[in-house]
1. Check residue 267 against each of (1) under 18 Å from residue 219 (Cα atoms); (2) surrounded by fewer than 19 Cβ atoms within 10 Å (Cβ to Cβ); (3) at pLDDT 95 or above and name the one condition it does not meet.
2. Against the conditions (1) more than 20 Å from residue 453 (Cβ to Cβ); (2) open to solvent by less than 30 Å² (accessible area, probe 1.4 Å), where does residue 417 fall short? Just the number, please.
3. Among the aromatic types (Phe, Trp, Tyr) and surrounded by 17 or more Cβ atoms within 10 Å (Cβ to Cβ): does that describe residue 423?
4. Could you say whether any residue in the stretch 356-364 is touching a strand residue (DSSP E or B) at 6+ places or on another chain (Cβ under 7 Å), surrounded by fewer than 18 Cβ atoms within 10 Å (Cβ to Cβ) and of a type in the set (D, E, K, R)?
5. Are there strands (runs of 3 or more DSSP E) fully within the stretch 385-481 with at least 3 residues that are among the aromatic types (Phe, Trp, Tyr)? List them.
6. For the stretch 353-362, state whether one or more residues are outside any strand (DSSP E or B) and basic (Lys, Arg).
7. If you take the residues in the stretch 273-314 that are open to solvent by 30 Å² or more (accessible area, probe 1.4 Å), under 19 Å from residue 435 (Cβ atoms) and touching a Phe, Trp or Tyr at 6+ places or on another chain (Cβ under 8 Å), which one is modelled with the lowest pLDDT?
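The values are calculated or read from the model by the stated rules, or taken from the named source; none is laboratory data. Just so it is clear, the structure is predicted and the values come from calculations on it, not from any experiment. With ideal geometry, Cβ positions are generated from the backbone for all residues, glycine too; neighbour counts draw on all protein chains shown. For the accessible areas, the whole protein counts, side chains as well, though only heavy atoms, and no ligand, DNA or RNA atoms are used. Shrake-Rupley method; radii C 1.70, N 1.55, O 1.52, S 1.80 Å.
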Amino acid sequence: MESLLVYSSDSDSDEPEQNQRLEESEKKRKVTKMEQGSDGSGEKDELQLVVKRTKSCLQSSDERNVRNNIPDSKQNSCVIHQASKHQPHNMSRNFDVSHSLAPPGRNVKDSVPAVSSTMRGSVSANSSKIKPYISKRERQKSIERITSGVSSANASISSTEPRQRVTEFDFMSKQDEERTSNEAMSNKKPNYFNRAPKQVVVTFEGHSQGVNCVRWHPTRSNLLVSASMDHSVRVWDASSGATCSKLTHHTAAVKDAKWNLDGSQVLSCGYDKTARLVNLETGQEVVRFPHHNYVTSVQFHPTDSKLFLAGTFKSSILCWDIRTGNITSTYSAFFGQVQDIAFLPQGNEFISAAEVIKRNSTDKGIMVWDFRSTAVLSNQIYQEAFTCTCLKVHPCESHFVAQSNGNYIALFSTRKPYKLNKFKRYEGHKVSGYHIGCDFSPDGSIICSGSADGQIYFYDHHSSRMISELSGHSMPCMDVAFHPTLPHCIASCGWDGGVKIWK
């Protein structure tokens, strides 16, 4: 007679119930042993009773696990031991198909995969709002696809937008004019890189004789002034290519002209032995400053717009006060015609370049003066027997350059003892006794110079290498001026009477 031992292994909290079931099954097993040899109806009834109890036990345990959301490791298991060799064929049919038989001691997670799968299915059905898991790599790929699509769309949109065309006279927009004018007034270093121009965009032909100098307006980007040997000073409008005003107050050739600090007045000097201050808006002469000799150069003080220096033909530099029209200081030494004057950045000192009249007077070629005390700070800067015609101070670094009649540009230090840099010079152009001018770019990276052969030369400030040259004028190019705000624009003038703007 076959006997079955049935028990259910619950969690630790169900141990009393399990022991009770084991005792009952043990009693039934003893009863069946005593009834061996009797009718087989008792065996069938006992088997059916055991199957019903096992099935109900499994169903109750599944319902309890699903309700309490118990993990797979604590699911109830049902283990059936075969007590004899002959197992009824209908036993497996009475069990639930979601369960499988497992030997004692094996984990239910390994033996009952169907139960866990059905349980997870029921839990996922109850929580349908849970989003599916997406790996980090997939999320990153989707983000990259989205961003690449947006950038390509923006590129296509920007490529289809029409571009604004600027005419050759429209140097700057209004917003750029305001920005650059503020930079010019505050003396800030520009945040762009300069380059040499390539072609002529405007040519002014109003002077009947040679033009000595050109100067850009300090705040308005389209205006520049020129002084000529035809006794006139002209203000040009680069945006329209026309003359704004013609100032004819001088009775002789005009040697130099400068804007005041705010650009409302023009100070000019010449061979009529006067310096004249003219209001640009009205065209009227404001003050006239008479001299005993020819006035060859003028320069406003960088911080006090009411004071300016005037260099004369013989041995003196005068400081004038515009408010009173009187001389406030005199700087005297034994030198010839004053070629140029330049203030150092703080305005307490200035440099003068004068004509060397004797071979043993080279110590008077370039001199550094104290502005307030009129004392000579140094006269041993340049010891070569060449006259320097132009002085320019670097806008950012502690250097200044001097245009020498030796056909080169010399480099000096603005700090004491104002030494000459003997290892660097800018050569290739020709001066040949003319009053040839030079200029720094707004960022100080390029030096531009005129030449006696009519060319315009560009040098790299740091390497002293020639960058390029332009065929500018048919006669000597007397002066060049970089635009104070546009990084690629210069103005030039020549002995042929022409004024050109390059871009």
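1. (2)
2. (2)
3. Values: among the aromatic types (Phe, Trp, Tyr): yes; surrounded by 17 or more Cβ atoms within 10 Å (Cβ to Cβ): no.
No; evaluated as a whole, the condition is false for this residue.
4. Step one: filter the stretch 356-364 for residues touching a strand residue (DSSP E or B) at 6+ places or on another chain (Cβ under 7 Å), giving 364.
Those still in the list that are surrounded by fewer than 18 Cβ atoms within 10 Å (Cβ to Cβ) too: none.
No, there is no match, as no residue in the stretch 356-364 is touching a strand residue (DSSP E or B) at 6+ places or on another chain (Cβ under 7 Å), surrounded by fewer than 18 Cβ atoms within 10 Å (Cβ to Cβ) and of a type in the set (D, E, K, R).
5. On the way: elements: 388-393, 399-404, 408-413, 420-427, 438-440, 446-449, 455-460, 466-471.
Fully inside the stretch 385-481 and qualifying: 455-460.
6. Taking the stretch 353-362 first, the residues outside any strand (DSSP E or B) are 355-362.
Subset that is basic (Lys, Arg): 358-359.
Yes, the stretch 353-362 contains at least one residue that is outside any strand (DSSP E or B) and basic (Lys, Arg).
7. It comes out as 313.
Let's see how each residue does on (1) at pLDDT 95 or above; (2) over 24 Å from residue 484 (Cβ atoms); (3) touching a helix residue (DSSP H, G or I) at 6+ places or on another chain (Cβ under 9 Å):
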position: 332; (1), (2), (3): no, yes, no
position: 348; (1), (2), (3): no, no, no
position: 357; (1), (2), (3): no, yes, yes
position: 360; (1), (2), (3): no, yes, no
